1. If you keep only loop residues by DSSP, which trypsin sites (Lys or Arg not before Pro) in the stretch 188-258 have at most 13 other Cβ atoms within 10 Å of their Cβ?
2. Give the accessible area for residue 101 in Å² (nearest 10); use a 1.4 Å probe, count only protein heavy atoms, and leave out ligands, DNA and RNA.
3. Which value, in Å² rounded to 10, gives the accessible area of residue 137 with a 1.4 Å probe and all protein chains present?
4. How would 403, 13 line up by accessible area, probe 1.4 Å, largest first?
5. How far, in degrees from 0 to 90, does helix 434-445 lean away from the longest principal axis of the Cα atoms of the chain, to the nearest 10?
6. With the calculation restricted to Cα positions, what are the radius of gyration and Dmax of the chain in angstrom?
7. Can you give the angle from 0 to 90° between the axis of helix 73-90 and the longest principal axis of the chain, with both taken from C-alpha atoms, to the nearest 10?
8. Per DSSP H run of n ≥ 4, the term is -39500 (n - 2.57); total these for the chain, divide by its residue number, and report the mean residue ellipticity at 222 nm rounded to 500 deg cm²/dmol.
Amino acid sequence: MNSPQNDVIVCKFGGTSLADAAQIRKVAAIVRSDARRRFVVVSAPGKRHASDQKITDLLLTCWHLAGQKLDPGEPLRLICERYEEIARELNVPPVAAPLAHVEAELSKLAAGDADTLATRDWMAARGESFMARLLADFLEADCVGAGECIRFDGEGLLDAVSYENLAARMSRPGLYVIPGFYGRDPAGRIKTFPRGGSDITGAVVARAVGAALYENWTDVSGLLMADPRVIANPRPIEEVTYRELRELAYSGASVLHDETIFPAAEAGIPIQIKNTNSPGAPGTRIVAQRAPGEHAVVGIAGRTGFSIITVEKANMNRQIGFGRRMLEVFESHNVSFEHVPSGIDSLSIVASDEQLGGKTAAVVRDLERVLEPDRIETEGDLALIATVGEGMAYRVGVAGRVFEALREAGVNVRMISQGASEISIITGVAAPDYERAVRAIYHAFVT
Ligand code: ASP
């Protein structure tokens, strides 16, 4: 890994920021406005409007069609048109030859030729690869091959050699464009991160070059304190810690890809979420630590679709191994759980309906057999709401405000969980009360 390169910035631009020539011009203006922005990571062109298609989705459609010996001509034409239009309007060389290569590889796939390059990941990664080429031409920058630098190990995880490769490849002064989303596996095949994975590439590049800042440019001005579908005009979050963001993301808030945080957090590099369409807006800064300022609570996130299974048995508290046996039943059904609130003679497990996937009755049967409880109760249609903020640990009364607000709103609290790290308070409420509960908690902290 490199030692910090006197405050360079890695900026990653998402699909909507690169959807057409007009958007790409905004990207160029942003990059050129600050000489520290020397490393530019790109997604594939995304949607230009709500009913548009992302290039990555079109590429995957082509791959599915060819794999079934169907004609991928139509989606391929849409892909070609998009890149051609961008290249024409920006006055840079077209990507016709690489697209012809894709067509040839798809024909091999359709003909059942095992020698084709066109695996799912190779296809999916073409969008970023072509976009990086176009933008590098437009910015007169050096285009870095992600396949040459970013490596995965045998388990499919990022190989740390990627950091050295990237640092060595980009050690000279100048401007670099790097395609997001992919690298190579040990066998030399192109492999992608999960969907939305250009965010991860951005964080990896930031760590590799020892950047002072990782800017993630998208189409919103950062994170909001609550879901705007529930709260009208929620307050933006100016600063949030990596841990708080993990908690918010896990509980339902979505902006960055989940795994983005790790490479940046490990190297202590702050992440700034910015809006390409409104570059003057401050956005949200994600940092290792924030001053315990005025905001004890940074955000409220939540989801519906949980169930709670409660087991009661007299003298449970004296039985060693009761909890383990209960969890083993869940494990044997391959169900991962969210929370385990407990009472003296009762133990509950909260799991998402997605995890339970219709297995609730079978789980309950096994719990009856293994634990011989006095009573088992299952309640579905639960929502979990996380009220998140690191400051909570040092402040009296945050929980009090949450529950007072819920009481005033007439919401019955079905479950409470506060982790020992005191970074969030989780409340479980009946799903129909979900929105009312979020509004009540939000207004208890934002006036
Ligand atoms: N283009 C890829 C996707 O749509 C990766 C990314 O944009 O981050 O998932």
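1. 189, 195, 229
2. In the full protein context, residue 101 sits at about 80 Å².
3. About 50 Å², ignoring ligands and nucleic acids.
4. Details: 403 60, 13 0 Å².
Descending accessible area places them as 403, 13.
5. That works out to roughly 90 degrees.
6. Cα radius of gyration and Dmax of the chain are 24.9, 77 Å respectively.
7. Result, in degrees: 70.
8. On the way: 15 runs with 167 residues, N = 447.
That comes out to -11500 deg cm²/dmol.
The values are calculated or read from the model by the stated rules, or taken from the named source; none is laboratory data. As the structure is a computational prediction, the values presented were derived from the model and not from experiment. With ideal geometry, Cβ positions are generated from the backbone for all residues, glycine too; neighbour counts draw on all protein chains shown. Note: areas computed on protein heavy atoms with side chains; ligands, DNA, RNA excluded. Shrake-Rupley method; radii C 1.70, N 1.55, O 1.52, S 1.80 Å.
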